[in-house]
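The values are calculated or read from the model by the stated rules, or taken from the named source; none is laboratory data. From a predicted model like this one, the values you see are computed outputs, not experimental measurements. Here the Cβ positions follow ideal geometry from the backbone for every residue, glycine too, while neighbour counts run over all protein chains shown.
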Amino acid sequence: MIEFSHVWKQYHKPDWALSDVSFAVAAGEMVFITGPSGSGKSTILRLMTRECPPTDGRILIEGMDIRRIPSAKIYVLRRTMGVVFQDFRLLAERRVFDNVAVPLRVLGLPSKDVKRKVFLALRMVGLHHRIWNTPAGLSYGEQQRVAIARAVVNNPRLLLADEPTGNLDPDLASEIIALFREINRQGTTVVICTHDREIVRKFAGRVLALREGRMRERGTAP
Amino acid sequence: MNGRKIGRAFRDAGGHLRRGKPRHAVSFAVLVLSFLMAGLFLSLSNNLRSRARILSRDVAVVVYLSPSATAAERRTIEDRVRLSPLVASVRTVTPEEAGDRFLKEFPDLRDVLENLGRNPLPASIEAILRDPAGPDAPIDRMIDGLRRLPGVEDIQFNRRWSDRVRALGRLSDAVGVVVGGLLILMSIAVVSGAVRLNILSRHEEISILHLVGATNGYIRGPFLLEGLILGVAGGTVAAGLVLLAARLFPLYLGHSLGALQDLIGFEPLSLLQAAGLVAGGGLAGLLGSLAALGRVFRS
């Protein structure tokens with residue numbers, strides 16, 4: 001599903017954000033990438049979504065070498081994945097429905113299909129009763145659930161999450177990770193970047209630890 | 001792009017316009033002003049051109065005959081005029097006809113003419129030109145040739161007025177192009193600024209759209225439409241205002257200009273010219289949007 005092979009990334013000389021990082025994630029896996037702030041976790045996600053190209057090395061996502069994808073075709077790669085952020089990145093002036101519908105409208109789906117899929121995604125995250133609210137009327141936990149609904153609404157094969165529990169208290173964080181686990185059980189490959197080792201310890205899954213841009217340990221949480 | 005996507009792009013563009021009302025009000029006003037100025041000069045040129053056309057209808061080379069000219073000399077002059085390829089028709093005017101025409105045009109001067117005791121107006125041969133706006137040189141050559149004939153007292157070529165009016169029309173065109181052009185450039189810059197601010201204010205939404213796999217066309221389309229709608233609306237309002245000016249000017253201001261009323265006036269734009277203003281507005285809006293998108297997405 002995902003293969004990083006001797007990947008290097010440099011934003012500004014002389015510092016390296018990633019140094020010779022290699023790992024693979026199989027289809028259907030749930031993987032945590034952990035490490036302190038500045039260790040390169042977000043860079044890995046930005047490389048996967050091709051927000052930026054690697055300085056060196058090879059990245060394959062579903063067999064596509066993402067360096068070879070022309071800029072005008074990156075949307076094809078991104079339609080195969082959903083992304084969740086620490087700060088939710090919801091559109092404040094739009095209703096929950098419209099926020100979750102964004103990826104479906106981009107695909108040009110008929111309105112009937114959009115309504116059905118949005119409702120199903122919101123029901124999965126337990127927020128179908130909040131469909132006409134605006135994000136401002138929701139708690140942080142609910143906002144993150146809306147962001148997750150938006151990420152999975154078009155059934156992506158890969159779900160990426162960047163510090164999805166960073167703004168949440170421990171109980172809410174556990175609920176959100178449990179939601180990711182449920183999504184993973186349904187067959188979606190999930191990659192979660194987090195600095196919260198407690199969360200990682202609670203949930204079974206492969207762990208890739210980063211420190212100063214290098215992969216330090218690989219293991220499986222109990 | 002299918003119908004649903006086009007509909008979505010128009011809805012989004014409408015939303016952008018609603019949310020950016022104050023910015024777009026300024027862009028709209030500048031667009032209207034720019035195309036109104038261009039339209040007014042065009043309308044003024046239309047008026048001058050049609051005045052020049054009316055004057056051109058009376059353009060003639062008038063050969064005044066000497067009172068001592070013999071019948072043979074008159075025939076020679078008339079034949080020479082009639083045979084010229086530049087001349088469409090020839091009209092001979094007797095002194096009596098010239099007197100009648102004088103009295104018709106200047107009835108107040110009847111006393112003056114009667115007090116003279118005799119008709120001072122000479123007979124003349126009027127050559128109506130085939131092409132009243134044709135080049136000067138062949139006409140000058142014909143006049144020089146006629147002037148050398150015995151029996152010719154004087155020759156007048158009354159094209160100067162229509163030439164001047166036509167030149168005024170060209171001047172109005174040039175001023176319209178320069179002033180309108182500068183204002184239109186300014187309006188492109190203002191639209192570009194407004195759309196750019198709109199893009200920047202929607203930066204978060206754009207980044208989300210990129211991440212969920214929106215194509216560049218999907219993201220940029222509504223911003224392009226935003227400029228296009230603004231421009232078309234600005235051009236349409238400007239064309240309407242020019243029409244209004246053409247209708248109202250003679251009623252309210254025209255009379256105060258006295259003899260100049262014929263020259264300084266606005267003639268309604270033709271359908272093609274009005275469509276040109278609307279299309280020009282759309283183009284200016286589109287260029288403004290394109291410039292904004294180019295700047296923002298490059299950076």
Item to check | Any helices (runs of 4 or more DSSP H) falling wholly within the stretch A:78-197 and containing at least 3 residues that are of a type in the set (D, E, K, R) | outcome: A:111-124, A:140-152, A:170-185
Item to check | Candidates B:287, B:293 - the one that is over 28 Å from residue B:50 (Cβ atoms) and at pLDDT 90 or above | outcome: B:287
Item to check | Qualifying residue in the stretch B:156-163 (condition: buried (at least 19 other Cβ atoms within 10 Å of the Cβ), assigned to a loop (DSSP other than H, G, I, E, B) and at pLDDT below 80) | outcome: yes
Next on the checklist: If I go through the stretch B:1-15 residue by residue, how many of them are outside any helix (DSSP H, G or I) and more than 26 Å from residue B:200 (Cα to Cα)?
Outcome noted: 1
Checklist outcome for this item: Only unsatisfied item for residue B:6, checking (1) loosely packed, with under 15 Cβ neighbours inside 10 Å; (2) closer than 28 Å to residue B:164 by Cα, is (2)
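So that you can scan it fast, the table gives a plain yes or no per residue for (1) touching a Ser or Thr at 6+ places or on another chain (Cβ under 6 Å); (2) touching a residue at least 40 places away in the same chain (Cβ under 8 Å):
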| site | (1), (2) |
| --- | --- |
| B:41 | yes, yes |
| B:45 | yes, yes |
| B:66 | no, yes |
| B:90 | no, no |
| B:97 | no, no |
| B:110 | no, no |
| B:114 | no, no |
| B:140 | no, no |
| B:144 | no, no |
Checklist entry - Restricting attention to the stretch A:18-65, which residues are of a type in the set (Val, Ile, Thr) and under 21 Å from residue A:203 (Cα atoms)? => result A:25, A:31, A:33, A:34
Next on the checklist: Against the definition (within 14 Å of another protein chain (Cβ to nearest Cβ), within 26 Å of residue A:76 (Cα to Cα) and touching a strand residue (DSSP E or B) at 6+ places or on another chain (Cβ under 9 Å)), how does residue A:152 come out, yes or no?
Outcome noted: yes
Checklist entry - Identify, please: which residue in the stretch A:96-110 is more than 8 Å from chain B (Cβ to nearest Cβ) and not aliphatic (A, V, I, L, M) and is, among those, surrounded by the most Cβ atoms within 10 Å (Cβ to Cβ)? => result A:99
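To keep it simple, each residue is scored yes or no on (1) away from chain A (no Cβ under 14 Å); (2) touching a strand residue (DSSP E or B) at 6+ places or on another chain (Cβ under 7 Å); (3) surrounded by 15 or more Cβ atoms within 10 Å (Cβ to Cβ).
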residue: B:183; (1), (2), (3): yes, no, yes
residue: B:191; (1), (2), (3): yes, no, yes
residue: B:196; (1), (2), (3): yes, no, yes
residue: B:200; (1), (2), (3): yes, no, no
residue: B:204; (1), (2), (3): no, no, no
residue: B:208; (1), (2), (3): no, no, yes
residue: B:211; (1), (2), (3): no, yes, yes
residue: B:215; (1), (2), (3): no, no, yes
Next on the checklist: Given the criteria in contact with a Gly (Cβ under 8 Å, 6 or more places away or on another chain) and buried (at least 22 other Cβ atoms within 10 Å of the Cβ), does residue B:69 qualify?
Outcome noted: no
Checklist outcome for this item: Scanning the stretch B:10-49 residue by residue, those within 11 Å of chain A (Cβ to nearest Cβ) and buried (at least 18 other Cβ atoms within 10 Å of the Cβ) turn out to be B:12
Next on the checklist: When you scan the stretch B:231-248, do you find a residue that is within 14 Å of chain A (Cβ to nearest Cβ) and surrounded by fewer than 16 Cβ atoms within 10 Å (Cβ to Cβ), even just one?
Outcome noted: no
Checklist entry - Which condition number does residue A:24 fail, the rest of (1) touching a residue at least 40 places away in the same chain (Cβ under 8 Å); (2) part of a strand (DSSP E or B) being met? => result (1)
Next on the checklist: Please determine whether any residue of the stretch A:40-63 is surrounded by fewer than 17 Cβ atoms within 10 Å (Cβ to Cβ), assigned to a strand (DSSP E or B) and in contact with a helix residue (DSSP H, G or I) (Cβ under 9 Å, 6 or more places away or on another chain).
Outcome noted: yes
Next on the checklist: Just checking, does the stretch A:76-85 include any residue being buried (at least 18 other Cβ atoms within 10 Å of the Cβ), at pLDDT 90 or above and more than 24 Å from residue B:205 (Cβ to Cβ)?
Outcome noted: no
Checklist outcome for this item: Checked B:141, B:170 against criteria (among the basic types (Lys, Arg), assigned to a helix (DSSP H, G or I) and assigned by TED's automatic domain parsing to the domain that holds residue B:277); the one match is B:170
Checklist outcome for this item: Going through the stretch A:195-222 in order, the residues found to be modelled with pLDDT of 75 or more, under 18 Å from residue A:165 (Cβ atoms) and more than 18 Å from the chain's Cα centre (by Cα) are A:198, A:201, A:202
Checklist entry - If only one of A:142, A:163, A:182 is under 28 Å from residue A:107 (Cα atoms) and touching a His at 6+ places or on another chain (Cβ under 9 Å), which one is it? => result A:163
Checklist entry - What single numbered condition from (1) of a type in the set (Phe, Trp, Tyr); (2) over 27 Å from residue A:94 (Cα atoms); (3) in contact with a Leu (Cβ under 7 Å, 6 or more places away or on another chain) fails to hold for residue A:203? => result (3)
Checklist entry - Are any residues in the stretch A:25-81 more than 14 Å from chain B (Cβ to nearest Cβ), polar (S, T, N, Q) and over 14 Å from the mean Cα position of the chain (by Cα), and if so, which ones? => result A:37, A:39, A:55
Checklist entry - Is it the case that some residue within the stretch A:124-140 is aliphatic (A, V, I, L, M), crowded, with 22+ Cβ neighbours inside 10 Å and assigned by TED's automatic domain parsing to the domain that holds residue A:111? => result yes
Checklist entry - From the residues in the stretch A:80-119 that are β-branched (Val, Ile, Thr) and touching a residue at least 60 places away in the same chain (Cβ under 8 Å), which one is farthest from residue A:60 (Cα to Cα)? => result A:84
